[in-house]
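Comments concern the structure below.
The values are calculated or read from the model by the stated rules, or taken from the named source; none is laboratory data. This one's a predicted model, so the numbers in the text were calculated from it and none came from an experiment. Ideal geometry is used to build each Cβ from the backbone, glycine not excepted, and the neighbour counts take in all protein chains shown.
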Amino acid sequence: KSDGLIQIWDESENKLQMQHEVHKDAVHDLLFLENGKLVTVGGDGVMVVLDPSTTNVVHKIRVDSEAIFSVTVVGGTVVTAGQDGIIRLWSMSDFALIDELRGHDDWIWSVDSVGDNRLASVSRDGNIRWWSSELSSASTVRTSGKLPASDIAFVWDDKLAVVSEFDSDVQPL
């Protein structure tokens, strides 16, 4: 079991600036918002938003009773996904739940933004889904390969997707 800690380092001095327990289980993903706030998601099903300069928790939201594996930003919306197979859209201003997207039949390992208004998700069900600009339905579904994809990332100008699989293969799409 993980300790649920995050660490923030001063890169110039190679010195630990802050260590803070934010989850009761593993921290699965994190990202900095443009306003400087840090968003983390973890195995405890909680999304935590904190101010890294003070370590004050700004929001702590129980997203699900199961693990949350991934967090990203699409436009002005925070997006989470995890073990229950549901993608959740959150308001960046107050972290209120906006919508839930359903389409995968199993755990969602990773979500990533594709430009300003699209989203891609990979799941243990073996599918990669691209979600429309309205983020209301999956516009494209593709089977990732022989094993479920574990992560997806977009490079260059959002025209190349790279997917990793649990057998350590990395595949361009």
Item to check | Among (1) without any contact (Cβ under 8 Å) to a residue 24 or more places away in the chain; (2) touching a strand residue (DSSP E or B) at 6+ places or on another chain (Cβ under 6 Å) - the single one S53 does not satisfy | outcome: (2)
Checklist entry - For region 63-75, how many residues are farther than 16 Å from I6 by Cα, free of Cβ contacts under 8 Å to residues at least 60 places away in the same chain and out of contact with any Gly (no Cβ under 6 Å at 6 or more places or on another chain)? => result 3
Next on the checklist: Quick check on region 2-23: of everything there that is surrounded by fewer than 20 Cβ atoms within 10 Å (Cβ to Cβ) and in contact with a Lys or Arg (Cβ under 9 Å, 6 or more places away or on another chain), which residue is nearest to F95 (Cα to Cα)?
Outcome noted: G4
Item to check | strands (runs of 3 or more DSSP E) enclosed by region 77-124 - at least 1 residues per element that are more than 22 Å from L50 (Cβ to Cβ) and either in contact with a strand residue (DSSP E or B) (Cβ under 7 Å, 6 or more places away or on another chain) or in contact (Cβ under 8 Å) with a residue 40 or more places away in the chain (or both) | outcome: 86-91, 97-102, 108-114, 118-123
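If the requirement is being at pLDDT 70 or above, touching an Asp or Glu at 6+ places or on another chain (Cβ under 9 Å) and within 22 Å of V41 (Cα to Cα), which of these qualifies: I98, I86?
Sole residue among the options that is at pLDDT 70 or above, touching an Asp or Glu at 6+ places or on another chain (Cβ under 9 Å) and within 22 Å of V41 (Cα to Cα): I86.
Residues checked against (1) farther than 18 Å from V73 by Cβ; (2) more than 14 Å from the chain's Cα centre (by Cα); (3) part of a strand (DSSP E or B):
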position	(1), (2), (3)
D25	yes, yes, no
D29	no, no, yes
T40	no, no, yes
M47	no, no, yes
L50	no, yes, yes
T54	yes, yes, no
V57	yes, yes, yes
